[in-house]
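Below is one structure, written out as structure tokens; the observations come after it.
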Amino acid sequence: MDLDTALRRLAREPSAPFDLAELALLLARDEYPNLDVEAHLSELAGMAREARSYLRGRIQERVAGLCRYLFHDMGFRGNVEHYYDARNSYLNQVLERRTGIPITLSAVAMTVGQRAGLEVVGVGLPGHFIVKAVDHGEEVLFDPFHGGRQLLPEEAGRLVERLTGLPFPVTPQRLRPTPLAGIVQRLLNNLRAIYLGQRDFPRALRVLERLQLLAPHDSSLQRDLGLSWLALGHAGRALGPLAAYLHACPQADDATAIRQAWRQAQSEVARCN
């Protein structure tokens, strides 16, 4: 699979039939260039073969079996102590370290569950990510970050309210599966926030450029690209993205600050000429 081509297709077809695990591992190659994607995919296939013997009975029992395998026998767990460690967002590291954040642990549950014969889809909630198993019209929500705990819809709503401090009335629409493009975008946005927060602009730029392929109309990417290039001393490369952001969002709350950054970039370019 060519990653850039896949991301461009997902921008057009958010539910294009790519394999989530393969996409996540190819994204991880940006940070780990020697990563053996096929070896990790084989590992996941092996886990699915082992998990099949746990998937017996009604859907609730099958979910419980999958979670027993992943979160008890295999030892996957939420990384509460170091939640913002970038390694939690790279699937290869999650497989090796057996710890991650909600979206990557959900990716493990989806990948292993689907390969073992149980349909498991992602559900992106505000501030959290969970999954649900689906079988003949029945659905079971569960939370991979918290050991695979099964959730009633109203419990999912209360979880969001605790995390965000905002009311979250649960509706079937809000619990619909997140398309693959949305999952990958959320995964990349986690890395974007981590690297920008750490002022690690070379890594942030790499993530932002991937995001541009997936969400070419997201003007906030132009803003962050411009500010990152400016922080790295490449004022000329900052001008275009900053101007594009201001054109798209002239009344944004941060428009004044971005105009100042654009003028700074202009001045630095003029000095060099």
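Since every read-out is calculated from the coordinates, none of them should be taken as a lab result. The structure presented is a predicted model; accordingly, all values stated were derived computationally and were not measured. Please note: Cβ atoms are built from the backbone with ideal geometry, for glycine as well, and neighbour counts cover all protein chains shown.
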If I go through the range 1-15 residue by residue, how many of them are closer than 20 Å to Val37 by Cα, under 17 Å from the mean Cα position of the chain (by Cα) and either hydroxyl-bearing (Ser, Thr, Tyr) or part of a loop (DSSP other than H, G, I, E, B) (or both)? 0
Could we say that Ala181 is over 30 Å from Arg206 (Cβ atoms), touching a residue at least 24 places away in the same chain (Cβ under 8 Å) and either aliphatic (A, V, I, L, M) or surrounded by 14 or more Cβ atoms within 10 Å (Cβ to Cβ) (or both) here? no
By residue number, the members of the range 120-134 that are over 11 Å from Leu175 (Cβ atoms) and touching a Lys or Arg at 6+ places or on another chain (Cβ under 8 Å) are Val120, Phe129, Ala133
Search result, residues across the range 30-49 that are more than 19 Å from Val131 (Cα to Cα) and surrounded by 14 or more Cβ atoms within 10 Å (Cβ to Cβ): Asp30, Glu31, Leu35, Val37, His40, Leu41, Glu43, Ala45
Among the residues of the range 69-85 satisfying the criterion of being over 17 Å from Ser106 (Cβ atoms) and of a type outside the set (Ser, Thr, Tyr), which is surrounded by the fewest Cβ atoms within 10 Å (Cβ to Cβ)? Glu81
Starting from the range 26-54, keep only residues that are over 18 Å from Arg98 (Cα atoms), then list their pairs with residues that are surrounded by 13 or more Cβ atoms within 10 Å (Cβ to Cβ) and hydroxyl-bearing (Ser, Thr, Tyr) whose Cβ atoms are within a distance under 7 Å, requiring at least 6 positions of separation or different chains. Glu31/Tyr90; Tyr54/Tyr69
Which of the residues spanning the range 86-119 are part of a strand (DSSP E or B) and buried (at least 23 other Cβ atoms within 10 Å of the Cβ)? Gly100
